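Data block below; observations after.
The values are calculated or read from the model by the stated rules, or taken from the named source; none is laboratory data. These numbers come from a predicted model, not from an experiment. Every residue, glycine as well, gets a Cβ built from its backbone with ideal geometry; the counts of neighbours run over all protein chains shown. Ligands, DNA and RNA are stripped out before the accessible areas are found, and what is left, the full protein with its side chains, is counted by its heavy atoms. Shrake-Rupley method; radii C 1.70, N 1.55, O 1.52, S 1.80 Å.
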Amino acid sequence: MKRGPGGLYATPAIVWLTVFFIAPLFIIVLYSFLRPGLRGGVEWSLTFDAYRAIANPTFAKVTLNTIVVALGATLVTLLIALPCGYYMARSKNQTLLLLLVIIPFWTNFLIRIYAWIAILGNEGFLNDMLQALGLTNDSIRFLYNRWAVALVLVYTYLPYAILPLFSTIDKFDFSLLEAARDLGASKFGAIRRVLMPNIKGGVLTAFLFTFIPIFGAYAVPLLVGGTESYMLGNLIADELTKSRNWPLASAISLVITLVTTIGVMLLVRANGANVLGGGKEASEAKAEQSAPLLNASLVALPHSGGGAS
Amino acid sequence: MIGSDVVIENVSKSFGDFAALNDVSIGIKKGEFFSLLGPSGCGKTTLLRIIAGFEQPESGTVLLDGKDVLPLPPDGRKANTVFQNYALFPHLTVFENVAFSLRLKKQPEAAVRERVNEYLRLVELQTHGSKKPAQLSGGQKQRVAIARALINEPSVLLLDEPLSALDAKLRQHMLIELDAIHDKIGITFIYVTHDQQEALSVSDRIAVMNAGKVLQVGTPQEIYEAPATDFVAKFIGETNLYEGSILSVNGELVTIESAEFGSVQVTDTDPPPSGTRVSWTVRPEKIRIGPDKPSTSRNALNLIQGRVDEPIYSGFQTKFYVKTAGGATLKVIKQHADWSDEGPEIAWKDEVWLSFSAEDAFLVEVKG
């Protein structure tokens with residue numbers, strides 16, 4: 001094949017990904033096979049201690065808790081985002097609504113979490129309101145449990161679910177719903193049988209955009225969670241900063257990255273196969289269908305296991 | 001399948017300030033191929049969507065076989081729609097698209113299979129059942145949409161500009177197929193189109209609409225030959241439309257005084273009294289054109305002298321724009337016959353004589 005200047009155009013991206021994604025990933029892989037240094041860092045001798053340390057019940061418990069919180073929060077996010085996206089797609093004020101969805105991004109992420117603390121705290125706005133209305137005498141402890149974590153996670157990642165859902169539903173041909181109604185489907189039947197199968201790709205993208213960052217969440221469980229809502233992101237951070245066990249932190253990160261990558265690939269493949277079941281002629285459309293999903297997973301991947309968010 | 005009669009009574013509908021339908025009443029007979037014809041924005045699609053149940057009118061009633069259907073949702077009406085953009089379900093195969101309504105009714109799979117194959121045969125797509133809509137051509141998609149709408153055995157089939165997305169040749173072909181399907185199953189077809197050629201060629205009757213009103217309902221011949229308003233005359237085919245005031249009335253023969261032509265004789269079954277200002281029309285193909293003054297003693301023949309401004313040759317016919325002495329430009333179409341019948345050639349800037357019979361010219365509208 002003739003090589004055009006395409007390779008040249010890709011240089012910035014390749015350099016960027018090499019320096020900031022592939023090289024750090026390589027360092028993490030390397031560190032996970034080394035011994036922990038006394039005050040952090042590593043000693044240069046090969047060992048599998050880190051991977052042996054993973055196989056303990058604490059790690060399993062934290063992983064399970066992370067999966068439960070992440071799946072629950074993602075599901076709730078999608079359930080809220082779907083009607084939102086539908087409404088936006090049908091609205092005449094799309095620009096305004098899009099702006100409203102994006103507005104939270106104008107405030108720093110941490111400040112928004114502290115705002116939730118100010119609302120939900122023992123001396124917070126919500127408790128003040130409830131007491132002023134005489135509904136309760138003592139303040140209720142809303143914060144520092146799994147529910148608070150889930151609530152703030154849903155709040156944080158809702159826009160990431162709404163935007164892909166909106167863009168998919170916006171491309172949906174609504175006369176298909178009329179056709180379904182015309183052919184005897186009820187309102188709900190038309191949505192279930194015609195809308196949902198046609199926006200599957202958007203739902204999957206929204207799922208990945210929310211599930212992957214939530215799975216690696218760190219700040220939210222740290223600030224509004226308690227001991228019961230300790231998540232993998234916190235575990236990594238603690239191993240890194242408190243236990244000073246960098247190899248273990250690296251190993252946990254790698255396991256998460258590996259598991260999410262395999263999970264995403266299986267999901268994309270299953271979806272692609274489902275949407276266009278069989279038929280060689282469909283393969284072109286198939287590639288088109290799964291490309292944005294792959295992109296989505298690539299964009300979302302650096303979040304996973306990083307624990308920075 | 002048995003068709004239904006559809007009666008639309010005093011239906012009005014507006015979107016904001018825009019009156020889409022203004023007190024529309026139409027009676028459509030059982031088994032008729034009925035067209036709603038008009039320019040875009042005339043309300044024809046809105047009317048179809050009201051019959052289908054996608055829109056509710058502000059006032060009026062829609063009766064199917066004498067039964068008011070306005071309270072019913074779209075899935076409760078014996079009418080099915082063929083949508084303008086086909087609206088095929090992209091995630092389903094051709095077979096599954098056609099089977100959609102049967103499967104909703106939870107019919108046994110064997111029966112579904114048999115019926116779907118029967119309807120795929122009707123539209124000659126029996127070998128395309130496993131394809132996805134994206135793999136079909138425009139004409140094939142159209143036929144899937146028709147099969148999908150017909151399998152429900154509706155008593156009325158609503159077609160919303162079903163051929164507008166097809167190219168001209170395919171449109172002709174599909175039109176003939178549509179007509180054949182109509183003849184075969186005999187249900188009522190209500191066909192929305194902005195294309196007067198389509199409407200003329202397949203309809204039993206046509207309702208010409210403009211600005212939310214029905215201007216004329218009639219057979220294609222009635223609408224073409226005797227348009228009820230200036231708009232209908234101009235919208236259907238090509239015509240010459242002029243104004244004048246009535247000089248004298250003699251039975252059905254009306255003499256009109258007009259600035260451009262002097263006096264012209266036209267016919268009307270129920271002419272208004274002399275002195276009334278009216279518009280009148282004559283179709284371009286009803287006018288004879290020749291280099292010499294026709295030597296005829298026939299009564300009620302209009303003779304007009306002019307000069308050819310622009311001849312437009314298009315193979316089987318030539319259209320002449322002829323400027324008359326009075327300053328008007330008349331459109332004249334001469335059909336080309338075989339050599340023995342062709343007559344002398346007429347060229348640009350030739351002095352010519354035009355003639356048309358009063359029986360081919362009609363009084364259209366009374367002007368205020």
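Please specify each residue of the stretch B:13-53 satisfying the condition of being within 29 Å of A:G184 (Cβ to Cβ) and among the small types (G, A, S). Of everything in the stretch B:13-53, those that are within 29 Å of A:G184 (Cβ to Cβ) and among the small types (G, A, S) turn out to be B:A20, B:G27, B:G31, B:S35, B:G43, B:A52, B:G53. For the residues B:L37, B:L21, B:L48, the requirement of being at pLDDT 90 or above, within 22 Å of A:L183 (Cα to Cα), in contact with a strand residue (DSSP E or B) (Cβ under 8 Å, 6 or more places away or on another chain) and not aromatic (F, W, Y) singles out B:L48. Counting only helices (runs of 4 or more DSSP H) that sit completely within the stretch A:127-239, those holding 2 or more residues that are in contact with an Asp or Glu (Cβ under 8 Å, 6 or more places away or on another chain) and more than 30 Å from A:V259 (Cα to Cα) correspond to A:175-182. When the residues of the stretch B:88-103 are filtered to those that are more than 9 Å from chain A (Cβ to nearest Cβ) and among the β-branched types (V, I, T), the one that is farthest from the chain's Cα centre (by Cα) is B:V94. Taken over the stretch B:58-73, the criterion of being over 24 Å from the mean Cα position of the chain (by Cα) and open to solvent by 10 Å² or more (accessible area, probe 1.4 Å) is satisfied by B:E58, B:S59, B:G60, B:T61, B:D65, B:G66, B:K67, B:D68, B:L70, B:P71, B:L72, B:P73. Of everything in the stretch B:4-22 that is of a type in the set (G, A, S) and buried (at least 22 other Cβ atoms within 10 Å of the Cβ), the residue that is nearest to B:M209 (Cα to Cα) is B:A20.
Scan the stretch B:35-47 and tell me whether some residue there is in contact with a His (Cβ under 7 Å, 6 or more places away or on another chain), surrounded by fewer than 22 Cβ atoms within 10 Å (Cβ to Cβ), of a type outside the set (D, E) and away from every other protein chain (no Cβ under 14 Å). Yes, the stretch B:35-47 has at least one match.
In the stretch A:86-99, of all residues being open to solvent by 100 Å² or more (accessible area, probe 1.4 Å) and assigned to a helix (DSSP H, G or I), the one that is farthest from A:L163 (Cα to Cα) corresponds to A:R90. Scanning the stretch B:185-200 for any residue that is closer than 23 Å to B:F100 by Cα, part of a strand (DSSP E or B), in contact (Cβ under 8 Å) with a residue 60 or more places away in the chain and within 12 Å of chain A (Cβ to nearest Cβ) turns up nothing.
Residues are listed down the side, and each one gets a yes or a no for (1) in contact (Cβ under 8 Å) with a residue 40 or more places away in the chain; (2) open to solvent by less than 20 Å² (accessible area, probe 1.4 Å); (3) under 29 Å from B:V214 (Cα atoms):
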site	(1), (2), (3)
B:L247	no, no, no
B:L253	yes, no, yes
B:E260	yes, no, no
B:S263	no, no, no
B:V266	yes, yes, yes
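Do we find a residue being more than 29 Å from B:D360 (Cα to Cα) and either part of a helix (DSSP H, G or I) or not charged (D, E, K, R) (or both) anywhere in the stretch B:249-256? No, the conditions are met nowhere in the stretch B:249-256. With the condition kept exactly as written, say whether any residue in the stretch A:35-54 is in a helix (DSSP H, G or I), without any contact (Cβ under 8 Å) to a residue 60 or more places away in the chain, surrounded by 11 or more Cβ atoms within 10 Å (Cβ to Cβ) and hydrophobic (A, V, I, L, M, F, W, C). Looking through the stretch A:35-54, none of the residues is in a helix (DSSP H, G or I), without any contact (Cβ under 8 Å) to a residue 60 or more places away in the chain, surrounded by 11 or more Cβ atoms within 10 Å (Cβ to Cβ) and hydrophobic (A, V, I, L, M, F, W, C). The set of residues in the stretch B:219-237 that are more than 23 Å from B:E257 (Cα to Cα) and outside any helix (DSSP H, G or I) comprises B:T219, B:I236, B:G237.
Given the conditions (1) open to solvent by 10 Å² or more (accessible area, probe 1.4 Å); (2) of a type outside the set (F, W, Y); (3) within 20 Å of B:G186 (Cα to Cα), which single one is not true for B:V144? The number of the failed condition is (1).
B:V94 meets each of the listed conditions (1) within 17 Å of B:D160 (Cα to Cα); (2) crowded, with 20+ Cβ neighbours inside 10 Å apart from (1).
Just one residue in the set A:L110, A:L120, A:L78 is over 29 Å from A:L195 (Cβ atoms) and buried (at least 18 other Cβ atoms within 10 Å of the Cβ); that residue is A:L120.
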